[in-house]
Amino acid sequence: ESIVSVIRVKGGGEQSFLTNGRVEASSHRQAQQLQLTLGHLPMLLAQNPRRVLVVGLGSGMTLGATSVHPGVEQVTLAEIEPRVIGVAKTFAAYNHRVLEDPKLRIVFNDGRNFLMTTREKFDVITADPIHPWFRGAGYLYTTQYFKLVASHLNPGGFVALWLPLYELASEVLLSIVRTFQDHFRYTLLWLTHYDAELVGSNSPLRIDEAELARRLAAAPAVADDLNKVVMGSAT
């Protein structure tokens, strides 16, 4: 499907994941903030997430973030390129060694194709795809995909999607956001450095700071992740 590689700067520097020569994820704190937000934000907005679908593995940070929330029973990964498993193994120090988690189920398939062929429903569906101008990745930014995701969410479920704010024309960004809003009644656009995360649900958004603080205190692995990227409090 693609050529994948991992590089690390000499002398203990940052580590990066490349697809066809283009950096898609790294251990840089700004990149970690994006990847961890895609996992933790929808999980914290959902009231009691038990079943999770993650589309795209990459470094595994988003997948690992969803796996450490209390109450999670199964995390399904849809990944189109089997060799990315080797990539994520090199990021084990950053992704909670999620590939060793017994709750993890891996499906080697395109994310949209998987949803078209399953009757399963999920409490959280999050995606950290490669940039939408890559061949195939653009399918995850369409009305067909958003409609499909909405049909596979349990009541109270949340969806999240990476929205790069670079290398896309402003009218394209507006089109993606408008299309997303067409399929989810309640939406957030969450900004992290040079990226954004779209979050949506067809159940009302309920943000209770006291409840968030309680859940962070009860989940040290979640709090530790978010502290690393200056997001460790309910505020």
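The values are calculated or read from the model by the stated rules, or taken from the named source; none is laboratory data. This one's a predicted model, so the numbers in the text were calculated from it and none came from an experiment. All Cβ positions, even for glycine, are placed from backbone atoms using ideal geometry, and neighbour counts span all protein chains on display. Note: areas computed on protein heavy atoms with side chains; ligands, DNA, RNA excluded. Shrake-Rupley method; radii C 1.70, N 1.55, O 1.52, S 1.80 Å.
Worth a mention:
- Order by protection proxy (mean Cβ within 10 Å, highest first), peptides 106-113, 40-47: 40-47, 106-113
- Extension gain from ASP182 to ASP224, taking 0.36 nm per residue of separation minus the Cα-Cα distance: 11.6 nm
- Compactness ratio for region 169-235: Cα radius of gyration over 2.2 N^0.38 Å (N = residue count) comes to 1.36.
- Burial order of peptide ranges 92-100, 51-59, 216-224 (average beta-carbon count within 10 Å, highest first): 51-59, 92-100, 216-224
- Here is what passes the span test in the chain: the DSSP H helices with alpha carbon length of 15 Å or more along the helix axis and a Kyte-Doolittle mean of 0.0 or above are 29-45, 170-183.
- Nonlocal amide H pairs with THR76, under 5 Å, H built at 1.01 Å: VAL52, LEU53, VAL54, ARG105
- Label-point separation, ARG97 to LYS147 (7 Å along Cα→Cβ), nm: 4.5 nm
- The alpha carbon centroids of region 176-220 and region 113-146 are separated by 18 Å.
- Put simply, the amide H of ASN109, placed in the peptide plane, has neighbours under 5 Å in GLU79, ILE80, leaving out anything fewer than 5 places away on its chain.
- Remark: region 109-197 carries 50 Å² of accessible area per residue (probe radius 1.4 Å; ligands, DNA and RNA excluded).
- DSSP bridge pairs, the chain: antiparallel proportion in percent, nearest 5: 55 percent
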